[in-house]
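Report on the structure given below.
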Amino acid sequence: MSWTPIIEGVSEAVRLILSADKTVIEITLRSLQTAGYATLIASLVGVPLSILVAMLEFRGKGTIKFLFNAMVGVPTVTLGLFLWTLFSRSGPLGSLGLLYTVQGMALGQAVLILPILVSFTVSAIESKGNELRDLARTLGASEYQASLVVVREAYSGVTLALVSSFNRAFAELGIVTMLGANIRGVTRVLTTAIALETASGELGLSFALSFILLAVVLTLNLLIAFFQEGRLGRQGWLRYIMGER
Amino acid sequence: MPNLAGFKLNRNVMIAVALIVMVTAGGFIWNLTRPQEKESLIVSTTTSLYETGVLDVLKTRFEASNPEYNVSFISQGTGLAIETAKRGDADLILVHAPSSELAFMETGFGVNRKIFAYNFFIIVGPAGDPTGVEGLGPVEAMLRIREMGLSGNALWVSRGDNSGTHIKEKALWAMTGLSLDEIKLEPAGGSGGTWYIEAGAGMTATLQLANEKDAYTLADVATYLKNVKNGNIQLVKAVDSGEETLNVYSAIVCAPDKSPRGMFDASMLFVQFLASDETQAMLETYGEEEFGSTLFKPWVPELDNPESDIVTWVEEQAYLDGSECPTQYRHQAGSLYR
């Protein structure tokens with residue numbers, strides 16, 4: 001009997017996808033929307049910040065990098081709890097009305113993924129860093145032009161940082177639970193729906209939603225690999241997936 | 001995948017990783033080799049019981065008189081509590097949804113259902129009675145809240161998680177004669193949203209949501225009082241409890257032929273303990289100190305007054321085929337049913 005929920009889950013997932021179940025589509029789209037907003041907000045702040053941190057030499061640079069690295073592992077419930085108190089009607093940001101909205105959840109996820117984005121981007125830029133910049137300078141580039149060269153060369157690293165950040169936001173549960181409360185038709189996303197169906201004892205449906213979540217993550221990552229084809233050459237994306245660069 | 005964008009494994013990182021692995025493995029092995037003298041009795045229980053802290057008192061008392069057992073509680077919604085028991089991961093369940101309980105026993109997974117306590121659900125809402133539900137019964141109050149909801153002047157939050165409380169809420173809406181499927185789609189005035197909000201969350205999260213939105217919701221008394229005491233919510237009791245909001249807690253033991261855990265006797269011991277005079281007396285006063293109000297009413301003493309209102313209500317709402325536990329679902333029950 002122990003395999004039943006998984007088998008039921010697979011067939012239920014297939015059925016839900018084939019029948020284009022309205023609720024499932026809506027929940028999936030909301031998940032994409034929330035994580036998309038979050039990645040957008042985080043990258044608008046994070047990418048320029050990373051360039052500055054990676055390129056400039058200043059006191060406390062090591063501390064800043066350490067802090068961002070350490071924050072990568074912050075538990076989502078802790079962050080959710082903290083933001084919940086901020087966003088709550090009686091909290092400091094209560095007047096913004098962010099609690100129990102997609103925007104609020106996205107902002108929370110943006111805070112969550114910012115450290116991942118910054119850490120990955122900084123190390124991507126730094127790994128291409130100094131030698132390349134020196135080379136560009138010796139070839140007569142200005143400081144600004146040399147920085148651009150480095151960022152362009154770090155392209156695949158920055159893409160990876162963005163994709164990882166999106167995946168983290170898309171798959172996290174703690175923040176959307178606390179800031180969204182899983183309201184049907186308003187803040188219900190894939191992960192909270194999975195938690196709910198599990199709590200209700202609907203294991204088959206839980207698995208189905210989980211498979212959909214996995215399928216979306218895999219598809220997105222495949223697409224990104226595909227679009228890197230241009231940079232990686234013919235069949236490059238295949239080699240990219242296989243791990244041979 | 002490309003390598004992790006320049007993240008290098010230097011010696012310090014390797015030492016740190018080695019340390020973490022060693023500590024984790026050490027802890028794991030230590031845990032495995034520790035002598036396990038006590039048998040673990042696993043009770044799958046609804047969150048409303050768990051959050052009151054009453055289970056800790058039960059655990060302490062049961063273990064004091066039965067030192068060979070160690071009682072563990074898994075706190076879940078009624079739906080998952082039953083599913084956990086069906087999968088053989090628990091020995092008995094404490095729940096409050098008679099229809100699900102019957103289904104659990106009908107499939108052969110559960111036996112020897114025993115009602116041990118009851119209390120009343122309450123409808124809570126914003127202070128000041130803005131919808132004018134004071135003095136109404138629960139069903140009339142819900143109709144009134146819907147009316148005010150349709151004009152954009154009230155909101156209702158539902159647990160929406162198939163928990164015992166949610167099942168009760170659905171039963172109450174059924175008593176209003178309205179269709180819940182239609183209610184869910186009704187707009188709240190011209191605001192674009194609906195006045196019926198389906199949370200899909202636990203009781204505390206739902207109360208907090210209702211509190212934020214100045215909405216009404218159905219709550220179990222214990223979780224409500226706990227959140228009031230913690231200062232989490234300012235909601236007040238909007239409607240007095242009555243027959244319709246009765247909330248009955250029962251214990252059901254996993255059937256020995258379906259449960260791989262072999263803890264039937266210990267489970268029966270626990271159910272006997274729940275129904276004992278001492279435990280029933282404890283339940284009667286539990287909560288006064290901490291919450292300023294009792295949370296449960298013991299059920300077993302009520303059986304001495306078979307003509308009382310409460311016995312009639314329980315018989316109507318929480319008996320299965322006119323009994324706490326119909327004989328076909330009893331198994332070596334001993335003196336459990338008088």
Cα-based Rg / Dmax (Å) for chain A: 20.8, 71
Reachable aspartates and glutamates, given that their alpha-carbon falls under 19 Å from the alpha-carbon of A:K65 and they are not under 8 places away in the same chain: A:E57, A:E126
Chain B - convex hull of alpha carbons, volume per residue in Å³: 215 Å³
Per-residue Cβ neighbour rank within 10 angstrom, fewest leading, A:T23, A:T34: A:T23, A:T34
Estimated FRET transfer efficiency (A:T4, B:K170; beta-carbon r; R0 30 Å; 0.05): 0.65
Inter-probe distance in nm under a simple model that places probes 7 Å from Cα toward Cβ, at B:E39 and B:S179: 5.3 nm
Least to most buried among B:H96, B:H331, B:H166 (fewest other Cβ within 10 Å first): B:H331, B:H166, B:H96
Euclidean distance of C-alpha centroids, the stretch A:151-223 and the stretch B:275-314, integer Å: 45 Å
Per-residue Cβ neighbour rank within 10 angstrom, fewest leading, A:F227, B:F291: A:F227, B:F291
Charge tally in the Cβ shell below 15 Å around A:A42, where Lys, Arg are +1 and Asp, Glu are -1, A:A42 excluded: 0
Overall form of the stretch B:121-245 per C-alpha gyration tensor (a/c, 1.5; a/b vs b/c): rounded
Cut-off of 10 Å, at most 13 other beta carbons, DSSP loop: longest stretch of chain B lacking such GluC sites (Glu not before Pro): B:135-306
A:Q33 versus A:I224: modelled label distance in nm, points set 7 Å from Cα along the beta carbon direction: 2.2 nm
Hits among lysines - C-alpha to C-alpha of A:K61 under 29 Å, sequence gap 8 or more where chains match: A:K128, B:K8
Student exercise, chain B dipole from Lys, Arg, Asp, Glu Cβ charges, in Debye to nearest 20: 1660 debye
FRET efficiency, 1/(1 + (r/R0)^6) with R0 35 Å, evaluated for B:A64 and B:F120 via beta carbons: 0.65
222 nm mean residue ellipticity, helices alone, for chain B (DSSP H n ≥ 4; -39,500 (n - 2.57); rounded to 500): -12500 deg cm²/dmol
Rg(Cα) / (2.2 N^0.38 Å) computed for the protein assembly as shown, rounded to two decimals: 1.14
Hits among aspartates and glutamates - C-alpha to C-alpha of B:K237 under 15 Å, sequence gap 8 or more where chains match: B:D129, B:E134, B:D214, B:D220
Long pairs among B:K38/B:K297; B:K226/B:K297; B:K213/B:K297; B:K114/B:K170; B:K170/B:K213, criterion Cα-Cα beyond 27 Å: B:K38/B:K297; B:K213/B:K297
Nitroxide proxy distance, nm - points 7 Å out along Cα→Cβ at A:V14 and B:R11: 5.6 nm
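Every number in this text was worked out from the coordinates using simple rules, so none of it is lab data. Please read these numbers as outputs of a predicted model, since none were measured by experiment. So basically every Cβ, Gly included, is an ideal-geometry build from the backbone, and we count neighbours across all protein chains shown.
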